[in-house]
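Enquirer: After the structure tokens below, expect a handful of questions from me.
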Amino acid sequence: MERNLLNIQPLQTPSGEIIHEYFGSADKIVTNTDPNYVPKHSMARIEIPVGKKSEKHFHPICEESYTIISGQGYVTIDNDRHDVTEGSSVIIPPKARHQIFNTGNNSLIFFAVCIPPWTADCSVFEMKDGTEKRRSTGVAFVLYLNKEDAVRAVQTYNGQE
């Protein structure tokens, strides 16, 4: 199965991340040997605009890795700081609290891979009051709805409806 960035409706999170999910747990991929194959991982291209950062979060069961395509910044993993630039990769174990920051003059672009595949409810966010909250980012909806429904889902998530 092939996906092209130009054909994937992006999602912009409240923190400014722009996410294009290439493959996820809900995908069924038709292959020559197995017409019902479901990927064992998910992959997304994520862009962090200048001066922005992701929300601090963790995944209870997913291992995640980031590979930086362009830009510069740093990733915190359980309070350890890892500077990243083009070509850098980091691995994030399950339950590790992590966040990525763009410190450069251009967008920070990276691929995120999760094993098992990321689902809309597998991210737990650290709220400003110190509590934790699961929150769907809406990415799973974007692959299956028409453009109008996808825009409405993103607007609802962003509090615009």
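Enquirer: Which one of the conditions (1) modelled with pLDDT of 75 or more; (2) closer than 18 Å to residue 122 by Cβ; (3) not in a strand (DSSP E or B) does residue 50 fail to meet, given that it meets all the rest?
Expert: In the conditions (1) modelled with pLDDT of 75 or more; (2) closer than 18 Å to residue 122 by Cβ; (3) not in a strand (DSSP E or B), residue 50 misses (2) alone.
Enquirer: Those residues that are closer than 19 Å to residue 50 by Cβ, in contact (Cβ under 8 Å) with a residue 24 or more places away in the chain and of a type in the set (Gly, Ala, Ser), I need them from the stretch 86-111; list them, please.
Expert: Listed by number, the residues that qualify are 104, 107.
Enquirer: Let me ask you something else. Name the pairs whose Cβ atoms lie under 7 Å apart, with the first residue in the stretch 112-132 and on the phi > 0 side of the Ramachandran plot, the second assigned to a loop (DSSP other than H, G, I, E, B), and 6 or more positions between them or separate chains?
Expert: none
Enquirer: Right, next: Are there any pairs, at least 6 apart or on different chains, whose C-beta atoms fall under 6 Å, with the first in the stretch 70-85 and free of Cβ contacts under 8 Å to residues at least 24 places away in the same chain and the second outside any strand (DSSP E or B) and aliphatic (A, V, I, L, M), and if so, which?
Expert: Close Cβ pairs (under 6 Å, with a partner that is outside any strand (DSSP E or B) and aliphatic (A, V, I, L, M)) amount to 77/96; 78/96.
Enquirer: Which is over 15 Å from the mean Cα position of the chain (by Cα) and either surrounded by 17 or more Cβ atoms within 10 Å (Cβ to Cβ) or assigned to a strand (DSSP E or B) (or both), of 95, 133, 128?
Expert: Exactly one residue qualifies, and that residue is 133.
Enquirer: Further, regarding this structure: Any residue at all in the stretch 22-38 that's at pLDDT 80 or above and open to solvent by 50 Å² or more (accessible area, probe 1.4 Å)?
Expert: no
Enquirer: Would you confirm whether or not the stretch 77-85 contains a residue that is under 22 Å from residue 12 (Cβ atoms) and either open to solvent by 20 Å² or more (accessible area, probe 1.4 Å) or in a loop (DSSP other than H, G, I, E, B) (or both)?
Expert: There is no residue in the stretch 77-85 that is under 22 Å from residue 12 (Cβ atoms) and either open to solvent by 20 Å² or more (accessible area, probe 1.4 Å) or in a loop (DSSP other than H, G, I, E, B) (or both).
Enquirer: Here is a follow-up. Among 81, 134, which is at pLDDT 80 or above and among the basic types (Lys, Arg)?
Expert: The match here is 81.
The values are calculated or read from the model by the stated rules, or taken from the named source; none is laboratory data. The model shown is predicted, which means the values in this text are computed figures rather than measured ones. Positions of Cβ are generated from backbone atoms using ideal geometry, with glycine treated the same way; all protein chains shown enter the neighbour counts. Calculation scope for accessible area: heavy atoms of the full protein, side chains included, ligands and nucleic acids excluded. Shrake-Rupley method; radii C 1.70, N 1.55, O 1.52, S 1.80 Å.
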